[in-house]
């Protein structure tokens with residue numbers, strides 16, 4: 001059988017989609033070694049220009065060392081697929097909706113472009129996650145928000161939710177296969193159930209009742225999606241004590257320019273409430289968006305100082321064609337945008353260190369991998385911990401009481 005290697009870029013939704021494709025393969029063998037592959041499936045991201053560059057760079061590297069046929073899927077299929085196909089650098093392009101046809105697609109002799117359907121609802125069920133200790137569960141697809149800088153709604157479509165019974169069936173199967181931590185993912189997970197009279201909070205309650213479910217973690221959620229029903233879950237032991245809440249900025253004027261729905265004053269109140277409950281809080285942040293003056297940046301940093309942040313996913317603004325931000329003025333110098341990025345990264349890194357030093361109580365850790373005799377995992381606050389042990393801890397849950405707080409992670413010796 002020919003061997004297939006899956007290279008996944010970007011978000012947890014792509015990780016899930018790659019697992020669906022792996023599970024659907026019947027006529028090919030999966031390999032974890034790209035040098036052994038006859039076929040490479042590249043599941044791409046296009047959220048920034050940098051993401052597109054990573055994809056092209058990977059193709060260039062592969063071309064130098066392999067004769068494998070390359071197929072492109074993911075968000076980049078809709079933005080860069082046609083040009084890469086026309087240049088002969090890839091053999092085929094297909095959209096996310098076509099992933100269950102993976103055997104047929106990979107066997108096509110002639111180059112092809114099949115972008116698929118942006119209104120499809122995923123009905124696949126995943127039984128296992130190759131090479132993973134925790135399971136990623138896609139609960140919805142697409143986004144109804146129209147942030148001025150974002151291209152994702154145009155490549156993922158409008159928000160639509162997966163069938164609840166299929167989600168619960170999938171988690172039941174995975175729990176029986178030994179998975180205890182479940183990460184709920186999607187383009188905009190907080191919108192789950194909005195058209196069917198349910199909600200993300202109701203779904204999580206049902207998931208928590210499944211035997212074997214130990215921890216539930218969310219992908220990025222919007223501040224306005226944390227409503228009173230969601231707040232009732234904050235004391236539940238199965239909810240990870242970490243929430244990633246997308247702000248994108250903390251200057252009210254910048255939030256308006258970005259066409260964001262969140263308001264800084266309300267964001268601050270929400271974050272303070274979560275911090276009082278012991279939650280670690282992460283956020284997304286964009287620096288260098290058009291219109292971000294020195295004055296507005298100073299205001300943003302002042303506000304960020306006041307927020308109880310512990311984790312950060314920040315990046316410099318990346319112009320995407322056909323988005324409102326692409327024509328906004330004045331543009332911000334890329335060097336200045338990068339400086340601002342590093343400034344807020346330093347701030348949140350320091351906040352994380354303080355949070356870890358001040359944390360009390362045992363750390364509940366899922367050990368995910370082992371490197372050079374040291375075991376690596378994440379605790380309930382989504383902070384990394386490195387554990388030295390003579391026992392094989394891989395895949396195990398452990399409680400860590402005594403540990404050392406280091407600059408980038410916690411360290412324990414058992």
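The values are calculated or read from the model by the stated rules, or taken from the named source; none is laboratory data. All figures in this text were calculated on a predicted structure; none of them were measured in a lab. In this analysis, Cβ positions are derived from the backbone assuming ideal geometry, glycine residues included, and neighbour counts consider all displayed protein chains.
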Open item on the list: Condition first: touching a strand residue (DSSP E or B) at 6+ places or on another chain (Cβ under 7 Å), surrounded by 15 or more Cβ atoms within 10 Å (Cβ to Cβ), in the same structural domain as residue 267 (by TED's automatic domain parsing) and more than 17 Å from residue 16 (Cα to Cα). Can you find one or more residues in region 177-185 that meet it?
Closed with: no
- [ ] Return the total of residues in region 384-414 being over 27 Å from the mean Cα position of the chain (by Cα), within 26 Å of residue 235 (Cβ to Cβ) and surrounded by 15 or more Cβ atoms within 10 Å (Cβ to Cβ).
- [x] 1
Open item on the list: So, residue 48, is that one at pLDDT below 80, over 26 Å from residue 171 (Cβ atoms) and not assigned by TED's automatic domain parsing to the domain that holds residue 168 or not?
Closed with: yes
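Residues are listed down the side, and each one gets a yes or a no for (1) surrounded by fewer than 16 Cβ atoms within 10 Å (Cβ to Cβ); (2) more than 28 Å from residue 276 (Cα to Cα); (3) free of Cβ contacts under 8 Å to residues at least 24 places away in the same chain:
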residue	(1), (2), (3)
323	no, yes, no
332	no, yes, no
335	yes, yes, yes
352	no, no, no
366	no, no, no
371	yes, yes, yes
379	no, no, no
382	no, no, no
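Could you list all residues from region 395-407 that are out of contact with any helix residue (DSSP H, G or I) (no Cβ under 6 Å at 6 or more places or on another chain) and either touching a residue at least 40 places away in the same chain (Cβ under 8 Å) or assigned by TED's automatic domain parsing to the domain that holds residue 244 (or both)? Give the steps one after another, and end with the answer.
Step one: of region 395-407, the residues out of contact with any helix residue (DSSP H, G or I) (no Cβ under 6 Å at 6 or more places or on another chain) are 395-404, 406-407.
Hits for region 395-407 are 395, 397, 403, 407.
Tally the residues that are closer than 18 Å to residue 92 by Cβ and either in contact (Cβ under 8 Å) with a residue 40 or more places away in the chain or outside any strand (DSSP E or B) (or both), restricting the search to region 35-58. Spell out the reasoning first.
Quick first cut of region 35-58, residues closer than 18 Å to residue 92 by Cβ only: 37-44, 46, 55-56, 58.
This time we only want the ones that are either in contact (Cβ under 8 Å) with a residue 40 or more places away in the chain or outside any strand (DSSP E or B) (or both), so: 37-39, 41-42, 46, 55-56, 58.
Adding up the residues that qualify gives 9.
Out of everything in region 30-41 that is surrounded by fewer than 23 Cβ atoms within 10 Å (Cβ to Cβ) and within 17 Å of residue 108 (Cα to Cα), what residue ends up being nearest to the chain's Cα centre (by Cα)?
So in region 30-41, the residues surrounded by fewer than 23 Cβ atoms within 10 Å (Cβ to Cβ) come out as 30-36, 38-39.
Checking the rest, the ones that are also within 17 Å of residue 108 (Cα to Cα) come to 38-39.
Working: 38: 28, 39: 26 Å.
The selected residue is 39.
Just the residues that are part of a helix (DSSP H, G or I), in contact (Cβ under 8 Å) with a residue 40 or more places away in the chain and surrounded by fewer than 18 Cβ atoms within 10 Å (Cβ to Cβ), please, taken from region 304-316. Even if it seems obvious, please write down each step before you answer.
Residues of region 304-316 part of a helix (DSSP H, G or I): 304-306.
Applying the additional criterion that residues be in contact (Cβ under 8 Å) with a residue 40 or more places away in the chain yields 304-305.
Matches in region 304-316: 305 only.
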TODO: Identify the single condition in (1) in contact with a helix residue (DSSP H, G or I) (Cβ under 8 Å, 6 or more places away or on another chain); (2) more than 27 Å from residue 305 (Cβ to Cβ) that residue 374 does not satisfy, given that it satisfies every other one.
DONE: (1)
Open item on the list: Quick check on region 287-300. Is at least one of its residues in contact with a strand residue (DSSP E or B) (Cβ under 6 Å, 6 or more places away or on another chain) and either farther than 17 Å from residue 147 by Cα or not assigned by TED's automatic domain parsing to the domain that holds residue 79 (or both)?
Closed with: yes
